[in-house]
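Below is one structure, written out as structure tokens; the observations come after it.
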Amino acid sequence: MSQTLFSRIGAGLLVSATLAAGPVLAETEVMRGPGSTDIFEVNAHTIDVLSNLGQERGWWCSAVKYARHHHMDWSTRVYVESGPSPSTSTASGEIVRFTYDAAASGVTPAAESEAIARGNWLTITEANRGCTRIDNPRND
């Protein structure tokens, strides 16, 4: 009897602790990106790119890889929604959030620029420039 009671109390405490810790990460890792980045799908038009290299090019190239994987046109614009910001998950690094639909994400388009700042954008073609050098720095 006491064994069962303690098991129930322990399970209740575990559920309470889990709920108190906050929501579970809703993002899904969909692929590895160039330069050992991780790409997480937030929703149908938004991704998070996690990198511990701190290179703007790596973030943009990952946005390109995701877009091309989903057969988006080369003229599609990729917008910076936010970042870079420290990762709050167990993985180390910084996250940049990109969107392929500025209006749906509430992002006001700013400059055509590779600088990581809210609203800045590049087409997939422009963002793709220099991406082969990330995973192949010697251009072999």
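The values are calculated or read from the model by the stated rules, or taken from the named source; none is laboratory data. Note that the structure is predicted; figures quoted are calculated from it, not measured. Cβ atoms come from the backbone with ideal geometry, glycine included; neighbour counts cover every protein chain shown.
In table form, for the structure just shown:
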| read-out | value |
| --- | --- |
| Enumeration of residues in the range 105-127 that are assigned to a helix (DSSP H, G or I) and among the polar types (S, T, N, Q) | 105, 125 |
| Which numbered condition residue 65 misses (of (1) modelled with pLDDT under 80; (2) among the basic types (Lys, Arg); (3) touching a strand residue (DSSP E or B) at 6+ places or on another chain (Cβ under 9 Å)) | (1) |
| Odd one out for residue 114 among (1) farther than 19 Å from residue 30 by Cα; (2) among the charged types (D, E, K, R); (3) surrounded by fewer than 16 Cβ atoms within 10 Å (Cβ to Cβ) | (3) |
| Some residue of the range 56-76 being farther than 19 Å from residue 30 by Cβ, of a type in the set (Asp, Glu) and either in contact with a Gly (Cβ under 6 Å, 6 or more places away or on another chain) or buried (at least 17 other Cβ atoms within 10 Å of the Cβ) (or both) | no |
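Residues are listed down the side, and each one gets a yes or a no for (1) of a type in the set (S, T, N, Q); (2) surrounded by 17 or more Cβ atoms within 10 Å (Cβ to Cβ); (3) touching a helix residue (DSSP H, G or I) at 6+ places or on another chain (Cβ under 7 Å); (4) under 18 Å from residue 43 (Cβ atoms):
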position: 81; (1), (2), (3), (4): no, yes, yes, yes
position: 86; (1), (2), (3), (4): no, no, no, no
position: 97; (1), (2), (3), (4): no, yes, no, yes
position: 101; (1), (2), (3), (4): no, no, no, yes
position: 107; (1), (2), (3), (4): no, yes, no, yes
position: 127; (1), (2), (3), (4): no, yes, yes, no
